[in-house]
1. Using just the C-alpha positions of region 1-76 as equal point scatterers, what log10 of I(q)/I(0) does the Debye formula give at each q in 0.11, 0.13, 0.25 1/Å?
2. ³J(HN,Hα) across region 37-53 via Karplus (A = 6.51, B = -1.76, C = 1.60, θ = phi - 60°), whole Hz, x for Gly/Pro?
3. For region 1-51, which GluC sites (Glu not before Pro) are both in a DSSP coil and crowded by at most 15 other Cβ atoms within 10 Å?
4. When N is the residue count of region 49-88, what does its C-alpha Rg come to as a fraction of 2.2 N^0.38 Å?
5. Step through the residues of region 19-29 one at a time and calculate ³J(HN,Hα) from phi using the Karplus curve (6.51 cos²θ - 1.76 cosθ + 1.60, θ = phi - 60°), rounding each to whole Hz and writing x for Gly and Pro.
6. Could you work out how much longer the chain between Ala15 and Ile39 gets when fully extended? Use 0.36 nm per residue separation minus the Cα distance between them, nm to one decimal.
7. With a point put 7 Å past each Cα toward its Cβ, work out how far Asp65 is from Lys52 in nm, to one decimal.
8. Please give me the summed charge of the neighbours of Leu84: other residues whose Cβ is under 13 Å from its Cβ, Lys and Arg +1, Asp and Glu -1.
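What follows draws every value from the coordinates through simple rules; no lab data is involved. In this text, all values refer to a predicted model and were calculated from it rather than measured experimentally. Cβ sites come from the backbone with ideal geometry, for glycine too, and all protein chains shown count toward neighbours.
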Amino acid sequence: MEMIGHTSLVYSVDAHLSGIVASGSEDCFLKIWRDGTCIQSIEHPGCVWDIKFLKNGDIVTACSDGTVRIWTLHSDSICDPLELEAFRLELSQYKTSRYLFVLQFKLVNTL
């Protein structure tokens, strides 16, 4: 089966007994697949080097920002709202820094 959706190198793929597949990529996304179709994309503040399913269906990601994160569907296990907001801020800062670098690179390229 071919699953198309990442925009860069795929570093890791894992499958759960439920049939769900997860993949991590240089494009900074964890993608979750069912029957070859991407059902969710979760952006990270860096490349997603590795992903693994836990027995309960949670997904662990290892990101190039040096952080290991656990993603869950279980509402009783969701992180503290302050921690979630810190992740959103980190992601926003990463995207801004990437955008500024691209702008700078383009300006240097046009001289």
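1. Calculated log10 I(q)/I(0) at the listed q: -0.23, -0.33, -1.20.
2. 10, 6, 9, 7, 10, 10, 6, 10, x, x, 4, 9, 6, 8, 9, 8, 7
3. Glu2
4. Computed over Cα atoms of region 49-88, the ratio equals 1.22.
5. For region 19-29, the Karplus-derived couplings read x, 6, 10, 10, 9, x, 9, 5, 6, 6, 10 Hz, x marking Gly and Pro.
6. Taking Ala15 through Ile39 to full extension adds about 7.2 nm, to one decimal.
7. Taking the simple label geometry, Asp65 and Lys52 are separated by 2.2 nm.
8. -2
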